[in-house]
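What follows is a set of notes on a single structure, which appears directly below.
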Amino acid sequence: MGMSAATTVAEGIKFCIFDLRRGQQEGQELDKILFFFPADLPFSAQLSVIGLSEGLITFTRIFSPEAACEVIEAERHSHVFYEAEPDIWMVMVVEKNESEAIWRIDALRKVLKEVHSLFLMFHGSIRTLIEKEPAGGLIRSHLYPFIMDYLSACQKRSLLDNCCWDFLLGKKLQLPSFRDCLKERGTVQMLTVSREAAIEVQSLVRVLESFAGNTQFYSLILFQDLLVSTTLSPVDTINLFTYAVLRLTPRALSSGVSSWSYLRKGSTASNVATGSILAQSASVSEQNFRSRDTSLPGGDNSHHIARPLQPDRWSKGKDGFLVTDIWGTEASSSTSATPTIWLQQTEERVYVCAYQYRSLTLILLVPVASILNGEQGVSVVKQQILENSSLKMLKIEEKLSKGWAGENAYHVSGYRYLLVDGDRDVSRASPPGKVTTLTKESLLALSKVREEVDLEKGRMEHDNAGQEKDLEVCIRAKNNAWVIARITKGKELYMVLEKANETVLYASDAVEKFSNRYCNGAFSLD
């Protein structure tokens with residue numbers, strides 16, 4: 001019964017990770033499989049999927065040796081590829097819906113990129129783990145629980161909450177669909193702050209940097225679920241921001257869910273069923289591969305593997321610092337070990353010290369190499385934060401709270417929009433509650449427009465060798481709504497106007513007004 005339930009969850013999708021450098025000898029083909037979903041699929045079927053993917057990769061390299069294969073469209077399936085690391089491929093095979101196009105290929109590839117990027121932050125590179133234990137048991141023991149936790153990351157939520165991580169609903173794996181076309185994965189959402197508040201934030205950052213002495217500390221500051229300040233690189237900022245909104249912000253701690261809320265129809269009962277099915281699938285994964293992986297330390301997977309995406313594992317301590325037992329406990333005591341992550345930009349492991357005051361969350365990252373006496377040294381840093389920064393955080397939180405207009409702070413009456421600044425990896429969009437008022441026809445039309453824009457951006461990137469080109473698309477949907485896309489100088493604007501006038505001139509004028517008022521004229525045609 002458990003096996004059939006797990007099969008139901010995977011209906012229409014297969015997700016795998018494999019290493020082209022492994023399993024090249026006859027009889028060793030299974031060695032190349034690092035992860036496969038659904039895990040209970042017979043190995044012969046898994047090898048069939050991976051063999052086809054490997055063949056497509058090899059074939060496309062004949063015509064495009066410098067550019068990795070990204071997608072192959074077959075009659076009944078879409079094959080989405082992402083080369084996460086040299087010769088390590090992530091592939092998603094999705095069954096097509098005959099009635100309508102419900103997903104964008106670029107959105108699916110960003111899911112694959114996000115999985116890998118977060119895995120890097122917590123566990124380091126896949127290749128490094130393979131080299132540590134060439135038989136493959138170590139990397140599989142990390143990948144399987146991590147990805148299954150990723151897929152079920154938001155299964156516990158309120159009935160009106162559904163975030164961009166929530167891929168499981170009922171008994172089916174849900175992919176980013178046309179209903180998600182007014183959000184952008186792989187970006188951060190910034191809080192607009194007053195000049196006075198910005199000065200206070202800069203002062204706090206300088207104090208935090210003074211703790212470092214001759215080394216360098218890094219910091220990330222959030223208000224609610226919006227970024228206020230960061231001293232990290234863009235890629236590390238995106239990764240830590242993504243995790244913070246999912247697990248560390250006040251709303252995530254209080255409700256056990258992310259605040260990325262996109263309404264879909266579902267029930268608590270179906271979510272409970274999903275959790276059970278995922279547990280069964282993860283169990284099948286471990287059973288299947290443990291029978292082949294005999295080289296794990298201790299021979300029984302007894303070594304601790306951190307599972308940072310598990311829900312309800314963070315809490316706020318009496319001193320304001322966030323604590324978790326995900327990273328295990330210190331050998332010399334019963335206290336929880338301080339979490340650590342890898343920074344991609346500097347390639348160093350850092351301690352994560354998260355402090356929270358009301359709606360303000362401060363994450364200080366301390367290089368492990370700079371703390372000579374481990375947890376004792378981390379405790380000293382935390383005490384410095386309490387003594388020198390808590391009062392500043394109180395003032396900043398008060399100032400930001402006074403200027404905060406709530407969840408609809410960035411709603412613009414009459415508009416449903418998504419604004420993306422690709423150069424800064426920042427996005428802003430209509431509040432989720434407002435997006436749900438759009439009709440299905442409008443969302444489908446916008447999804448199709450975005451798909452066309454994605455294709456055109458790909459052509460421009462290939463043909464112009466980095467030279468930017470302006471692009472504008474404006475169509476009338478079946479329900480007479482105007483759907484508009486404008487791309488210029490690394491910035492993108494997507495908009496739906498359901499109550500616009502009959503003429504395209506009216507729609508164009510509405511976009512001009514929005515651009516001039518909220519985008520400093522970046523998308524104006526003048």
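In order along region 180-196, the Karplus-derived 3J(HN,Hα) couplings, from 6.51 cos²θ - 1.76 cosθ + 1.60 at θ = phi - 60°, round to 9, 6, 9, 8, 9, 5, x, 10, 10, 10, 9, 8, 7, 10, 6, 4, 5 Hz, and Gly and Pro are given as x. Each part gets one Cα centre, and for region 423-472 versus region 499-526 those centres are 17 Å apart.
Database remark: amide H of V188 closer than 5 angstrom to the amide H of V426, S427 (H placed geometrically; neighbours at sequence offset of 5 or more, or on other chains; Pro and chain starts carry no H). Taking a Cβ cut-off of under 10 Å around M92, the surrounding Lys, Arg, Asp and Glu residues balance to a net charge of +2, with basic ones at +1 and acidic ones at -1.
Shown in residue order for region 116-129 are the 3J(HN,Hα) couplings computed by the Karplus curve 6.51 cos²θ - 1.76 cosθ + 1.60 at θ = phi - 60°: 5, 5, 5, 4, 4, 4, 8, 10, x, 6, 4, 4, 4, 5 Hz (x for Gly and Pro).
Determine the sum of side-chain charges near R459: Lys and Arg each +1, Asp and Glu each -1, restricted to other residues whose C-beta is under 12 angstrom from that of R459. So the surrounding residues net to -3.
Sorting 35-42, 46-53, 310-317 by their mean Cβ neighbour count within 10 Å, with the most densely packed peptide first, gives 35-42, 46-53, 310-317. What is the sum of charges, Lys and Arg at +1 and Asp and Glu at -1, for the other residues whose Cβ falls under 15 Å from the Cβ of T230? Neighbourhood net charge equals -3. Here's the list of lysines a cross-link from K110 could span, going by alpha-carbon distance under 22 Å and ignoring same-chain residues fewer than 8 apart: K14, K96, K172, K183, K448, K457, K489, K491. For K402, a cut-off of 20 angstrom between C-alpha atoms picks up these lysines, skipping any fewer than 8 places away in its own chain: K392.
Under 5 Å between amide hydrogens, built in the peptide plane, is the criterion, and for A212 it picks out F217 among residues at least 5 positions away or on other chains. Evaluating 6.51 cos²θ - 1.76 cosθ + 1.60 at θ = phi - 60° for every residue in region 236-249, the Karplus couplings come out as 6, 4, 4, 5, 5, 4, 4, 5, 4, 5, 6, 10, 10, 5 Hz, glycine and proline recorded as x.
How would you classify region 38-106 from its alpha-carbon gyration tensor, with a ≥ b ≥ c the square roots of the eigenvalues: rounded for a/c under 1.5, else prolate if a/b is greater than b/c, otherwise oblate? It comes out oblate by the Cα gyration axes.
In this structure, the amide hydrogen of F35, modeled 1.01 Å from its nitrogen in the peptide plane, lies closer than 5 angstrom to those of I17, counting only residues at least 5 positions away or on a different chain.
Read the figures in this text as sums done on the coordinates, not as results from a lab. The structure displayed is predicted, hence computed values, not measured ones. Don't worry about glycine lacking a Cβ; one is built from the backbone with ideal geometry, like all the others, and counts go over all protein chains shown.
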